[in-house]
1. At pLDDT 95 or above, over 22 Å from W168 (Cβ atoms) and either crowded, with 18+ Cβ neighbours inside 10 Å or touching a strand residue (DSSP E or B) at 6+ places or on another chain (Cβ under 7 Å) (or both) - does that describe any residue in the stretch 109-120?
2. Restricting the first residue to the stretch 124-143 and requiring it to be within 29 Å of R46 (Cα to Cα), which pairs with a second residue that is crowded, with 18+ Cβ neighbours inside 10 Å and of a type in the set (V, I, T) meet a Cβ separation below 6 Å and a spacing of at least six or different chains?
3. So L135 fits all but one of (1) assigned to a helix (DSSP H, G or I); (2) over 24 Å from V81 (Cβ atoms); (3) in contact with a Phe, Trp or Tyr (Cβ under 7 Å, 6 or more places away or on another chain); what number is the exception?
4. Every residue in the stretch 1-56 that is at pLDDT below 85 and within 24 Å of R163 (Cα to Cα), please.
Amino acid sequence: MHAVPSRPRPGISNETFGMILFLIAEVMFFAGLVSAYVVLRVSAARWHPPGLPPLVNWVTLGNVAILAASAATMLRAVIAVRRDDPDGLKLHALATLVLGIAFLGVQAYEYSRLFRVVRSDGNIFGSVFYWFGWLHGAHVLGGLVLLAVVFRRAIQGRYNRYRSSGVWLAALYWWFVVLVWGFLFVALYVI
């Protein structure tokens, strides 16, 4: 009796493995920052400085909605590439890129408005608030670079349902950025 050779199982690509490792490292990085945030917040006699305007307003809620919409358009881009829909991929990748730029612009406006009221020097709330904001902004900017590359390659016709790992990896990273912002928004703006 001869054994039938089994077909090798497809593994994950090096790019996917690398992105997963990178995101795990990012989760650990943010976990360390969140731990520091919790210690500082619990030990502070007064967390919010006097004269701080309400942080949750229509602008900040609208910005959360913009980022949430960008997660949905990124999902639509992934679905489009898997369906071999190059026009859908281009449309949704561009929409995600535009929404990400809009989010970053609104965030810059909001921080410049708040910086007149709350400085980062000599104020623990301001230091934590702006550090988290700048770090998240840098991650958003990195995501925008990835999205721009995906969009450019989509225009060049480099993606199809068999060659879509770039879209998927950009989506993983973008969804991570959106998820982190959800946490940061609750921790810094709401609580």
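The values are calculated or read from the model by the stated rules, or taken from the named source; none is laboratory data. In this text the structure is predicted, and so the values were computed from the model without any measurement. All Cβ positions, glycine included, derive from the backbone under ideal geometry; neighbour counts span all protein chains shown.
1. Checked against the condition, which is being at pLDDT 95 or above, over 22 Å from W168 (Cβ atoms) and either crowded, with 18+ Cβ neighbours inside 10 Å or touching a strand residue (DSSP E or B) at 6+ places or on another chain (Cβ under 7 Å) (or both), the stretch 109-120 yields no hits at all.
2. The qualifying pairs are G126/V118.
3. Among (1) assigned to a helix (DSSP H, G or I); (2) over 24 Å from V81 (Cβ atoms); (3) in contact with a Phe, Trp or Tyr (Cβ under 7 Å, 6 or more places away or on another chain), L135 violates only (3).
4. Result: R7, P8, R9, P10, G11, I12.
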